[in-house]
Amino acid sequence: MQLMNFAKVQIEVGRCVGRKDFDGAIRVLESSLSNNSNDVLSLVMIAMCHRWSNRSDEAIVMAQRALAYDSKSFEAFQLLSEIYAERKEHETAAQFTRLGLDNFPEPT
């Protein structure tokens, strides 16, 4: 049953993102959060939706929240490094880039 709920959430998020309804995608993802380590990808996706909506501060908060669950989340490091690079905060961007490289995912 949990797999079915996961699939429904992903389909709805995909529809929202496809329509560029990033706030709708955020609502769907937030309603599915269970406050455990399984939420890392959802938190990163929420962060990405905030970024696509030009809300970098909220994106940073959500990416950091993802890192609180998984301190090696490559996706969170990547997102943070991109945001800080766009803000021309190069030292911070470089720190997150280094952390991302240190935690580069193994090939599947």
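The values are calculated or read from the model by the stated rules, or taken from the named source; none is laboratory data. What you see is a predicted model; the values in this text were computed from it and never measured. We place every Cβ from the backbone using ideal geometry, glycine too, and count neighbours over all the protein chains shown. Side chains included, ligands, DNA and RNA excluded: accessible areas come from the protein's heavy atoms. Shrake-Rupley method; radii C 1.70, N 1.55, O 1.52, S 1.80 Å.
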Using the heavy atoms of the protein chains alone and a 1.4 angstrom probe, what is the accessible area of the chain per residue in square angstrom? 64 Å²
Would you mind calculating the relative contact order of the chain from Cα pairs under 8 angstrom and at least 6 residues apart, reporting the percent as a whole number? 17 percent
In order over the stretch 66-80: 3J(HN,Hα) from phi, Karplus 6.51/-1.76/1.60, θ = phi - 60°, whole Hz, x for each Gly or Pro, gives 4, 5, 5, 8, 9, 5, 10, 5, 4, 4, 5, 4, 4, 4, 5
Go ahead and set up a Gaussian network model of the chain, Cα springs under 10 Å, then flag whichever of 67, 43, 33 fluctuates most. 33
With θ set to phi - 60°, apply the Karplus curve 6.51 cos²θ - 1.76 cosθ + 1.60 along the stretch 3-18 and write out the HN-Hα couplings as whole Hz, x wherever there is a Gly or Pro. 4, 5, 5, 4, 4, 4, 4, 5, 5, 5, 4, x, 4, 4, 5, x
At a 1.4 Å probe, what is the % contribution of carbon and sulfur to the accessible area of the chain? 53 percent
Candidates per trypsin sites (Lys or Arg not before Pro) in the stretch 34-108, loop by DSSP, up to 14 other Cβ within 10 Å: 72, 87, 88
Accessible area of residue 26, 1.4 Å probe, to the nearest 10 Å²? 10 Å²
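Based on the Cβ-Cβ distance of residue 19 and residue 88, what FRET efficiency does E = 1/(1 + (r/R0)^6) give at R0 = 30 Å, to the nearest 0.05? Mind dumping the intermediate values first?
Numbers: r = 32 Å, r/R0 = 1.06.
Calculated value: 0.40.
Using the Cβ atoms and a cut-off under 13 Å, what net charge is assigned to the surroundings of residue 89, where Lys and Arg are +1 and Asp and Glu are -1?
Working: positive: 87, 88; negative: 57, 82, 86, 91.
Local net charge: -2.
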Counting only residues 5 or more places away or on other chains, whose amide H sits under 5 Å from the amide H of residue 53 once H atoms are built in the peptide plane? none
Taking a point 7 angstrom from the Cα of residue 11 along the C-beta vector, which residues in the stretch 26-45 have backbone N less than 13 Å away? none
